[in-house]
Amino acid sequence: MYARPIVPKPITLSARDGVFTLDDSTPLLAPEPLADLVRELIGPATGLRFAPGSGGIELEVVDDGALGAEGYRLAVSPDGIRAAGTEAGLRWAVQTLRQLLPVEVYADKLVPGMRWEVSCVEIVDVPRYEWRGGLLDVARWCHPLKFLYRYVDLLAMHKLNRMHLHLTDDQGWRFEVRKYPKLTEVGGWRRESAAGHAREGRFDGTPHGGWYSQQELRDLVGYAARRGVSIMPEIDVPGHMEAAISAYPWLGNYPSRQLEVRTSWGISQHILNVDDATVRFVTDVLDEVVDVFPFEYIHLGGDEVPPDEWLASESARRRAEAAGLSRVDGLVGWWAGRLAEHLAGHGRRIAVWDELLDRNPPPGSLVFAWQDASRVAAAQEAGFRVVAVPQEYAYLDWAESNSPDEPLAIRGTLPLSTMYGYRPGDVLGVQGQVWSEYLPTPDLVEYRAFPRLAAFAEIGWAAPEPRDLAEFTGRLSGHLSRLDVLGVRYRRLDPAGQS
Ligand code: TNX
């Protein structure tokens with residue numbers, strides 16, 4: 001095996017004799033956004049300045065059909081380092097180059113006395129799946145903005161190219177909406193609940209909340225884009241909306257009732273009503289969302305919508321009838337259709353959870369199949385593009401084991417070995433999901449996400465066959481020393497044979 005472990009595994013890698021050593025005289029030839037990326041990713045630890053010039057590191061943008069949109073070639077010889085690919089592909093080449101260097105390159109400040117040596121190698125690498133994502137739920141707990149940046153870095157390090165930001169839920173609204181300031185002023189805060197903190201013993205009764213300004217998110221989007229990560233925002237409707245209804249009670253089915261931002265987990269019964277004013281409200285919100293997030297897809301949720309309030313509502317019944325629906329729960333599809341039409345006017349498409357499959361989703365929707373693997377197949381059969389996130393393989397909020405030492409989790413168990421064994425088939429891609437009910441702190445998020453997200457990243461990038469768990473965990477244990485340098489609070493690997 002090659003001396004330095006690469007995760008996700010390159011499609012082809014041939015070791016060659018010799019080494020190339022980066023030093024202060026190593027020049028860099030690359031178009032500007034990429035030259036900056038090299039300096040940002042390799043500069044701080046090495047202290048190298050990479051003066052412009054040829055004969056050192058050379059990154060060349062080429063249009064080579066065999067490499068596709070994100071593939072790259074990378075050759076390290078005693079004479080220098082050459083990479084070729086699209087701009088997107090070359091970003092991944094830089095990530096691979098970083099993994100070819102000593103792990104200390106991941107330090108955020110100068111590591112003195114190092115020899116920045118790279119063994120010679122030839123790599124040709126093309127991802128298997130177009131969508132390789134990570135969902136982060138910032139609604140249940142408002143994770144610090146700084147951590148969102150760190151998560152972007154961790155995604156990019158694993159060649160994951162999509163960040164799905166779950167921005168709204170029953171327990172909190174995190175996206176600043178200028179037209180409706182109470183969404184964050186009221187909907188962004190909840191009375192603290194013991195849920196999720198109970199076992200850690202840190203419940204102190206103080207309210208929890210927070211939100212991100214549009215400018216903060218715009219900056220995050222730009223930072224992520226420079227690293228090859230597109231951010232897809234999710235505004236989850238018409239269920240999971242208790243925080244919004246608490247801020248503006250007229251959005252709900254009992255406008256005279258003042259709700260509270262939900263303080264416990266689980267699914268709220270309180271959902272949006274189907275009035276024109278409420279549709280208008282959501283389209284107003286989406287107008288601000290598209291202004292911040294340039295990504296083609298906006299995720300509109302559609303999961304777990306209890307129909308009880310609509311069943312009891314005269315206007316919902318009339319709306320369903322007018323839309324030709326035999327049951328009120330079909331209104332979930334009606335909602336998606338109205339909003340998809342609105343977003344089409346902005347040149348955007350919608351993504352939805354797989355519950356929509358039974359509710360006539362708008363054609364062209366991207367379906368996130370989460371309930372189980374059979375829903376992945378169902379979405380494909382129904383002719384939709386699919387991102388496979390079946391919970392039994394993709395839910396990083398599940399505990400890895402049933403050991404009593406495991407921090408409290410919503411469900412379990414999902415060991416690394418199971419995750420690594422997932423074969424998504426012919427889908428658009430895969431995504432690891434971090435729901436954060438029981439993950440109130442960045443440390444806990446990291447504990448649950450790593451190293452399982454590295455396994456999922458490898459499925460998304462390489463989908464290696466045969467799936468050799470021992471080979472992977474061998475490579476992974478070397479990779480973990482990079483996470484050590486970064487200070488990631490990952491879960492230690494189980495002793496061999498026990499995962
Ligand atoms: C189901 S996945 C949910 C989330 C929860 C998650 C917990 C999905 C579309 N809905 O609201 O956080 O389970 O695992």
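Read-outs throughout are calculated quantities, based only on the coordinates presented, and are distinct from any laboratory measurement. Only a predicted model underlies this, so the values are computations on that prediction, with no experimental measurement involved. Methodologically, a virtual Cβ is constructed for each residue, glycine included, from the backbone with ideal geometry; neighbour enumeration extends over all protein chains shown.
For the reader, a short list of remarks on this structure follows.
- Cα-based equivalent ellipsoid of the chain: semi-axis lengths in Å, sorted from largest, via gyration tensor: 42, 23, 22
- Compared with the direct C-alpha span, the chain from ASP79 to ASP219 gains 46.6 nm at full extension, assuming 0.36 nm per residue.
- Residue-averaged [θ]222 nm for the chain, counting only DSSP H segments that reach four residues, each worth -39500 (n - 2.57): -9500 deg cm²/dmol
- Annotation: lysines with alpha-carbon distance below 27 angstrom to LYS9 (same-chain offsets under eight excluded): LYS159.
- Qualifying lysines (Cα of each under 30 Å from Cα of LYS179; at least 8 residues distant if same chain): LYS146
- Taking every alpha-carbon pair under 8 Å whose residues sit at least 6 apart, the range 237-313 reaches a relative contact order of 40 percent.
- Nearest 10 degrees, 0 to 90: helix 87-100 Cα axis against the chain principal axis: 60
- Computed from phi, the 3J(HN,Hα) profile of the range 309-326 under the Karplus parametrisation 6.51, -1.76, 1.60 (θ = phi - 60°) reads 5, 5, 4, 8, 10, 4, 5, 5, 5, 5, 4, 4, 4, 4, 8, x, 9, 7 Hz, with x in place of Gly and Pro.
- Proximity of backbone amide H atoms, modeled 1.01 Å from N, is registered between ILE81 and ILE57, GLU58 at under 5 Å, excluding neighbours fewer than 5 places apart on the same chain.
- Based on C-alpha pairs under 8 angstrom that are at least 6 apart in sequence, the chain has a relative contact order of 15 percent.
- Basic side chains Lys and Arg get +1 at the Cβ, acidic Asp and Glu get -1 at the Cβ, and with that the dipole of the chain about its Cα centre reaches some 360 debye.
- With Cα atoms defining each centre, the range 407-468 and the range 173-190 are spaced 31 Å apart in the structure.
- Sorted peptide list for 408-414, 110-116, 236-242, criterion being average Cβ within 10 angstrom, highest first: 236-242, 408-414, 110-116
- For the chain, the longest principal axis of the Cα atoms and the long axis of helix 469-486 meet at an angle of about 90 degrees.
- 5 angstrom amide H check on ARG227, placed H, neighbours 5+ away: none
- Candidate aspartates and glutamates - alpha carbon under 20 Å from LYS109, same-chain residues fewer than 8 apart omitted: ASP23, ASP24, ASP36, GLU40, GLU117, ASP153, ASP484
- Summarising the amide proton neighbourhood of LEU135: residues at separation of 5 or more, or on other chains, whose placed amide H is nearer than 5 Å comprise HIS164, GLY432, GLN433, VAL434.
- Nearest-ten-degree value, helix 214-226 long axis tilted from longest Cα axis of the chain: 30
- Cβ crowding within 10 Å averaged over residues, with 290-300, 127-137 ranked highest first: 127-137, 290-300
- Antiparallel %, DSSP beta bridges [both residues in the range 131-470], to 5: 15
- Cα-only radius of gyration and Dmax that characterise the range 12-125, units Å: 13.1, 42
- Working note: Karplus 6.51/-1.76/1.60 with θ = phi - 60° gives the range 366-381 the couplings 9, 9, 9, 8, 10, 5, 5, 4, 5, 6, 5, 5, 4, 5, 5, 4 Hz, where Gly and Pro are set to x.
- Counted by Cβ distance under 12 Å from ARG191, the other residues give a net charge of 0, where Lys and Arg count +1 and Asp and Glu count -1.
- Other residues whose C-beta falls under 12 angstrom from the C-beta of LEU493 contribute a net charge of +2, scoring Lys and Arg +1 and Asp and Glu -1.
- Karplus (6.51, -1.76, 1.60) ³J(HN,Hα), θ = phi - 60°, over the range 429-446, in Hz, Gly and Pro reported as x: x, 9, 7, x, 10, 10, 7, 10, 2, 9, 10, x, 10, x, 4, 5, 4, 5
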